[in-house]
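The values are calculated or read from the model by the stated rules, or taken from the named source; none is laboratory data. These figures come from a predicted structure and were not determined experimentally. Methodologically, a virtual Cβ is constructed for each residue, glycine included, from the backbone with ideal geometry; neighbour enumeration extends over all protein chains shown.
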Amino acid sequence: MDEIILKEIYNQVKNGYKVALATITKTIGSTPGKMGATMAVFQNGNTIGSVGGGMIEHKVLNKCVECLKSGEDYNFEYSLNDNGNLGMQCGGTAFGYIKVFKPKPKLIIIGGGHIGLALFKIAKNLDFYTIVIDDREEFANEQRFENVEEVYSGDIPNIIKNISINDNTYIVIATRGYEGDLISLRSVIDRNPMYIGMIGSMKKWIKVKETLINENINIEKLESVYAPVGINISSNSVDEIAFGIMAEILLVKNNGSLAHRKNKIK
């Protein structure tokens, strides 16, 4: 069972989802779960394993759900007696620990040109799980994007539909032109990532948006797209444009602000 739990934790984290693993670390007296009992709780509500069943497991399960939301680990102690926190008479106490396994934030770069390459290098230094996609093999390969986690060349919509996307996913669209950007945005707009940014001029963005509105794409989703992408802190150099894009992603990821730290009230 432990091997099954560990494999599923790995698979879930690899696909961008958090997992809470509860382990009984100590027991005193009579408890349904013994030391070493484990239970994994996933973001979709599924569980594997058991910490003994009954009221303790019910309490631990609820706490795991809270930990998944907060992202914080937790030490627990539940007693099965009249004076304990579960109001039962078994007489035992279970101690345990909930560990939250968190995936790296996932950055999908659609477009392996100069901007995509510069953005990739910054993202790797910030420990993002990086995926690069381009319709041209010479711009999407492991030689160009050294140490990339995943890289794909070919039909962009077909590639995108096979990639897991969730609220831990950040997408930057920087293809070679209007049609590629339009196709890419159409492929991801309904996948509900945390962030979508698209490079280009305001004129191009207005045209893309109008096209997708005419295709009955939800206007609120389109309004949430960061386009033109990036914080305006750079010159026109490729590296500084990429830096401005990553700054915007971090702003969204960390729920930050544009205030200077020197102006922070002490």
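Across region 25-72, the qualifying residues are those that are touching a helix residue (DSSP H, G or I) at 6+ places or on another chain (Cβ under 7 Å) and not in a strand (DSSP E or B), and the one among them that is nearest to GLN12 (Cα to Cα) is GLN43. Reported count of residues in region 199-237, each being buried (at least 16 other Cβ atoms within 10 Å of the Cβ), free of Cβ contacts under 8 Å to residues at least 12 places away in the same chain and farther than 23 Å from GLY112 by Cβ, is 0. Can we say ILE196 is more than 22 Å from LYS121 (Cα to Cα) and surrounded by 12 or more Cβ atoms within 10 Å (Cβ to Cβ)? Criteria not met by ILE196. Residues that are of a type in the set (S, T, N, Q), surrounded by 12 or more Cβ atoms within 10 Å (Cβ to Cβ) and either in a strand (DSSP E or B) or at pLDDT 95 or above (or both) occur at least once in region 146-156. Candidates ILE163, ILE131, ILE110: the one that is touching a residue at least 40 places away in the same chain (Cβ under 8 Å) and buried (at least 21 other Cβ atoms within 10 Å of the Cβ) is ILE110. When region 1-25 is filtered for residues that are over 12 Å from LEU68 (Cβ atoms), buried (at least 19 other Cβ atoms within 10 Å of the Cβ) and of a type in the set (A, V, I, L, M), the ones remaining, listed by number, are ILE9, ILE24. Taking the condition assigned by TED's automatic domain parsing to the domain that holds ILE249, part of a loop (DSSP other than H, G, I, E, B) and either touching a residue at least 60 places away in the same chain (Cβ under 8 Å) or more than 19 Å from the chain's Cα centre (by Cα) (or both), does ARG186 pass? When the stated conditions are applied, ARG186 does not pass them.
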